[in-house]
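Beneath this line is the structure, given in structure tokens, with notes to follow.
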Amino acid sequence: MKMSKFYMPTLKEDPVEAEVASHKLLLRAGMIRRSASGVYSYLPLGYRVVRKIENIVREEMDNCGAQEILMSAIQPAQIWQDSGRWDVYGPEMFKLNDRHGRAFCLGPTAEEYFTTLIKGEIRSYKQLPLCIYQIQTKYRDEKRPRFGINRAREFLMKDAYTFDVDEEAAKEAYMNQWRAYEKVFDRLGLDYKIVRGDSGAMGGDMSHEFIALSEVGEGVIAYCNACDYAATDEKAEVSYVVENEEGLQEMEKVHTPDARTIAAVAQMLGTKESHCLKAIDLEVEGEPVLVFIPGDRELNMTKLVAYLGVPEHEIQMASDEVIERITGAKPGFTGPVGLKEEVRVILDASVPKYTNFVVGGNETDYHIKGVNYGRDFNGEVATDLLISREGDLCPSCGEALQFARGIEVGNIFLFGDKYSKPLDATFLDESGKERYFYMGSYGIGVTRSVVAVLEQNYDDRGIIWPICVAPYHVIITVVNSKDEEQAQLAEDIYRELTERGLEVILDDRKERAGVKFADRDLIGIPLRITVGKRAKEEIVEYSTRREMENEEIPVREAMMRAQTAVQEALKSF
């Protein structure tokens, strides 16, 4: 491709709306353009990167025995209603009606679609196992689209689904996909970790996430260097040592005017925040629920959703009126002792381990000291409801956990008959008995992987694409396009490298050399050949985008180096 004819609208300045490096650079390099909030168009350079990642994913899916299909992005409401997820999935689902009033959605995922596809088609255990996948656009009406294409409303995703005869076979399929994912992300050159994940709206028995490490990642992972434990902060089991004073105190109501926060109460009463019981006043499906956790910790909403067994959009903070009705006090003074109404009380698993809590007095401007679980109050003791944090211990070996941010680029779920049962998708086993398919679901964010690769590969000049996903392998820059010898030599190199199978872009624009060099650095083509004043001698400059070290070498050597670099980068795959 010649840049004089190429659509590549680069920008000199960072766009105002861009928050992170990947978003800024993709916009500046003319690779994407914003169409609406969370919706983007992919321009020629950017789309080439997307297709490179898509093809790597496709190759590894094919290599592990998966078969590619393509289903519509429009899904009928009926199959979601049959599975019970039409109302559960929440406001992130784009819903629409056709001219006849029939309900549809723009698919956020495709478990129901794939299950109904094979229902009635796969009738015998002899046709199993089966793994089918697609690379298709997905739609989720994100409440806050952020970071460009990292958290968008429209995105490209590979989703695969396995159908097996039983749990043992399904777990084998799960590990098969796991290994294929490792190959994909190894090929992309990502620094990533595999962690235990939360099944969320997907449901199921087992889930793992593939997290590309990045400081701008929205996800936080907890991992242990002493063993192989790793989990998302949504899933990480919280374990820590509780320090208590000896002996149980008697309850004492104390005046705490305007002390509505844990920090204010602890300071006023001279106690630790950990020994103040934090109340989270909620309404769950319209009913009041009080959740209590240690005052120095944060509630993990994902864990609470799993414990309650309701969708997150059915949980909201209680209104001031509701709080006053059930406690008799203004917000900020809720406690588990002396509530005015019978209400569901849920306690984090750590609460019974503490002694002598300070709790809200259920009276405005009052708290109660010396409150102890079992003696003074009770409630449902839930499993861990806390967000993991620095200082927590590994639940497997007891060593201190480490934390890092990352971008979720892949996830795998094992969910048994969660979808086959409500959708009545069965097969006949060896004895002729009807059984439900044992299923798994496996996703890779193709466009999100673009962000992950870029966030791990850039500098202050621009993008540094690895060869495997670069829009082009080599860029040839003509310093002076008006010089016939330079232009001809560049044309000869371009033609020969292209014939050798390399992907080459030739910057033959009639622009100043400085403009060409800046654009070259910005768009991040990994191998660079510069044709300048020594063209007559057939001497060119050769460099790589990562090292940025220019060498003057014969043109034949430059072409050989470029070809070898591409072959070396791709040969192991």
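The values are calculated or read from the model by the stated rules, or taken from the named source; none is laboratory data. Being a predicted model, the structure only gives us computed values, none of them experimental. Here the Cβ is made from the backbone with ideal geometry for all residues, glycine too, and neighbour counts use every protein chain on show. Accessible surface areas use protein heavy atoms only, side chains included; no ligands, DNA or RNA. Shrake-Rupley method; radii C 1.70, N 1.55, O 1.52, S 1.80 Å.
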- Query: Among the residues of segment 75-98, which ones are over 22 Å from Asp424 (Cα atoms), outside any strand (DSSP E or B) and either in contact with a Gly (Cβ under 6 Å, 6 or more places away or on another chain) or not aliphatic (A, V, I, L, M) (or both)?
  - Reply: Gly90, Pro91, Glu92, Asp98
- Item | Top-ranked residue of segment 261-304 - restricted to ones that are polar (S, T, N, Q) and in contact with a strand residue (DSSP E or B) (Cβ under 8 Å, 6 or more places away or on another chain), ranked as surrounded by the most Cβ atoms within 10 Å (Cβ to Cβ) | Asn300
- Out of all the residues in segment 328-370, which are among the charged types (D, E, K, R), touching a Leu at 6+ places or on another chain (Cβ under 9 Å) and either open to solvent by 30 Å² or more (accessible area, probe 1.4 Å) or closer than 12 Å to Asp258 by Cα (or both)? Arg344, Lys369
- Item | Condition check for Asp392: touching a helix residue (DSSP H, G or I) at 6+ places or on another chain (Cβ under 7 Å) and modelled with pLDDT under 95 | no
- Message: within 30 Å of Asn225 (Cβ to Cβ) and either at pLDDT 95 or above or hydroxyl-bearing (Ser, Thr, Tyr) (or both): is that true of Thr334 in this structure?
- Response: no
- Task: Please work out if Glu342 is modelled with pLDDT under 95, of a type in the set (Asp, Glu) and under 21 Å from Gly374 (Cα atoms).
- Result: yes
- So which residues in segment 542-573 are within 12 Å of Leu527 (Cβ to Cβ) and of a type in the set (Asp, Glu)? Glu547, Glu568
- Failed condition for Asp258, given (1) more than 21 Å from the chain's Cα centre (by Cα); (2) closer than 30 Å to Asp417 by Cβ; (3) surrounded by fewer than 17 Cβ atoms within 10 Å (Cβ to Cβ), with all others met? (2)
- Verdict on Glu154 being open to solvent by 20 Å² or more (accessible area, probe 1.4 Å) and without any contact (Cβ under 8 Å) to a residue 24 or more places away in the chain: no
- Note on the structure: Of those in segment 445-482 that are of a type in the set (D, E, K, R) and modelled with pLDDT of 95 or more, the residue nearest to Glu408 (Cα to Cα) is Arg448
- Message: Criterion first (within 22 Å of Leu454 (Cβ to Cβ) and surrounded by fewer than 22 Cβ atoms within 10 Å (Cβ to Cβ)) does Ala513 satisfy it?
- Response: no
- Met71: passes all of (1) at pLDDT 95 or above; (2) over 19 Å from Met157 (Cα atoms) but (2)
- Message: Tally up the residues in segment 305-327 that are touching a helix residue (DSSP H, G or I) at 6+ places or on another chain (Cβ under 9 Å) and open to solvent by less than 40 Å² (accessible area, probe 1.4 Å), please.
- Response: 5
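Residues are listed down the side, and each one gets a yes or a no for (1) basic (Lys, Arg); (2) crowded, with 24+ Cβ neighbours inside 10 Å:
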{"position": "Arg389", "(1), (2)": "yes, no"}
{"position": "Gly398", "(1), (2)": "no, no"}
{"position": "Ile407", "(1), (2)": "no, yes"}
{"position": "Asp417", "(1), (2)": "no, no"}
{"position": "Thr426", "(1), (2)": "no, no"}
{"position": "Asp429", "(1), (2)": "no, no"}
{"position": "Lys433", "(1), (2)": "yes, no"}
- Message: Residue pairs, Cβ under 8 Å, 6 or more apart or interchain, first in segment 373-385 and free of Cβ contacts under 8 Å to residues at least 40 places away in the same chain, second open to solvent by 80 Å² or more (accessible area, probe 1.4 Å). List them.
- Response: Glu380/Arg344
- Identify, please: which residue in segment 25-55 is open to solvent by 10 Å² or more (accessible area, probe 1.4 Å) and of a type in the set (A, V, I, L, M, F, W, C) and is, among those, farthest from Ile135 (Cα to Cα)? Leu25
- Can you tell me which residues in segment 11-24 are among the aliphatic types (A, V, I, L, M) and either in contact (Cβ under 8 Å) with a residue 40 or more places away in the chain or open to solvent by less than 30 Å² (accessible area, probe 1.4 Å) (or both)? Ala18, Val20, Ala21
- Checked pairs for segment 243-271, first hydroxyl-bearing (Ser, Thr, Tyr), second open to solvent by 60 Å² or more (accessible area, probe 1.4 Å), C-beta under 7 Å and 6 or more apart or across chains, list as Thr256/Met268; Thr256/Tyr366
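Per-residue answers, yes or no, for (1) modelled with pLDDT under 95; (2) among the hydroxyl-bearing types (Ser, Thr, Tyr):
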| site | (1), (2) |
| --- | --- |
| Pro9 | no, no |
| Pro15 | yes, no |
| Glu19 | yes, no |
| Gly30 | no, no |
| Tyr40 | no, yes |
| Arg51 | no, no |
| Val57 | no, no |
- Among the residues of segment 131-141, write down those that are open to solvent by less than 20 Å² (accessible area, probe 1.4 Å) and within 16 Å of the chain's Cα centre (by Cα). Lys138
- Restricting attention to segment 529-573, which residues are open to solvent by 90 Å² or more (accessible area, probe 1.4 Å) and touching a helix residue (DSSP H, G or I) at 6+ places or on another chain (Cβ under 6 Å)? Lys536, Glu538, Phe573
- Of the criteria (1) open to solvent by 80 Å² or more (accessible area, probe 1.4 Å); (2) at pLDDT 95 or above, which one Asp519 fails: (1)
- Given the conditions (1) among the hydroxyl-bearing types (Ser, Thr, Tyr); (2) under 23 Å from Thr10 (Cβ atoms); (3) more than 22 Å from the chain's Cα centre (by Cα), which single one is not true for Tyr458? (3)
